[in-house]
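We did not get these values from a lab; they are worked out from the coordinates using the rules stated. Keep in mind that this is a model prediction, so the values were computed, not measured. All Cβ positions, even for glycine, are placed from backbone atoms using ideal geometry, and neighbour counts span all protein chains on display.
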Amino acid sequence: MKLPPYDIFPSISDDNILLRQIQTSDIDDLIEISFYDSIQATTLKQATEMQAKINRDYFDSNSIHWGITDKLTNKIVGTCGYYRGLDKGEGELGCVLLPQYREKGFMRPALQLAIDFGLKNIRLKRIWAITTRQNDKAIKLLERLNFIKIADLDDNEVEYELRQDLNLTD
Ligand SMILES: CC(C)(COP(=O)(O)OP(=O)(O)OC[C@H]1O[C@@H](n2cnc3c(N)ncnc32)[C@H](O)[C@@H]1OP(=O)(O)O)[C@@H](O)C(=O)NCCC(=O)NCCS
């Protein structure tokens, strides 16, 4: 297994999007989608503090958090990454798009890049995601990526797991 941190923060891309390290200058655009421990930031200061915690988790080998940018406009459209489990060779995948970039097809390829990186580079044994039962958009996204529901959890949440045999590209 090759856990973070890496000598160089991994940037990964396909033809349309780039997953890259979040810069201080990005944070202002990301306030409304900045979360830590399920708490949402409302100010730049809070979002900056959350980013510092996320950076610490990266250096502690506990997480990797990418900014997703649209290569056409160079704008940051959302974030995704692995936020738990890396120490056990597993990864909880999370993702969020800025509201104005939802339903435009950004997240599926972004998660595919993150999944490929997780399987091939980190060499995760398992990838999972948790969302609420009502989150149709997230469930549709996960199912399109070959996740299957494996558990109903408390607090109206559901756990999905990647069917690796169906997913690994090339
Ligand atoms: C969950 C979330 C990331 C899904 O975003 P999304 O934009 O629906 O997902 P995608 O980027 O894959 O886009 C797919 C949608 O874009 C549409 N779309 C429009 N243009 C498209 C294009 N050029 N290519 C592909 N899809 C396109 C698709 O039809 C699809 O909509 P549909 O599900 O109604 O069929 C988003 O709703 C979000 O940020 N929610 C809040 C955070 C959250 O719930 N995170 C999940 C935690 S597990």
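Rank Val77, Val96, Val158 by mean-square fluctuation in a GNM of the chain with C-alpha springs under 10 angstrom and give only the top-ranked residue.
Val158
With a 10 Å radius around each residue's Cβ, average the other Cβ atoms per peptide and rank 59-69, 99-109, highest first. Walk me through the numbers before you get to the answer.
Details: 59-69: 19.8, 99-109: 14.1.
Highest to lowest by the protection proxy: 59-69, 99-109.
Tell me the Kirkwood radius of the range 12-164: reciprocal of the mean inverse pair distance over distinct alpha-carbon atoms, in Å.
Details: mean 1/r = 0.0634 Å⁻¹.
Result for the range 12-164, one decimal place: 15.8 Å.
Based on DSSP, what percent of beta bridges with both residues in the range 48-170 are antiparallel, to the nearest 5? Spell out each step's value before the answer.
Values: 21 of 24 bridges.
Roughly 90 percent of the beta bridges in the range 48-170 run antiparallel, per DSSP.
What's the ranking of 122-134, 36-48 by average number of surrounding C-beta atoms within 10 Å, highest first?
Going from most to least packed, we get 122-134, 36-48.
Give the lysines reachable from Lys120 as a straight Cα distance under 20 Å; neighbours fewer than 8 places away on the same chain don't count.
Filter leaves Lys2, Lys88.
Over the chain, what relative contact order in percent results from Cα pairs under 8 Å that are six or more residues apart?
Values: 287 pairs, mean separation 30.5, N = 170.
The value is 18 percent.
What list of ³J(HN,Hα) couplings, whole Hz, do you get for the range 119-129 from phi and the Karplus terms 6.51, -1.76, 1.60, once you set θ to phi - 60° and write x for glycine and proline?
Running phi through 6.51 cos²θ - 1.76 cosθ + 1.60 with θ = phi - 60° gives 6, 8, 9, 6, 6, 5, 8, 8, 10, 9, 8 Hz.
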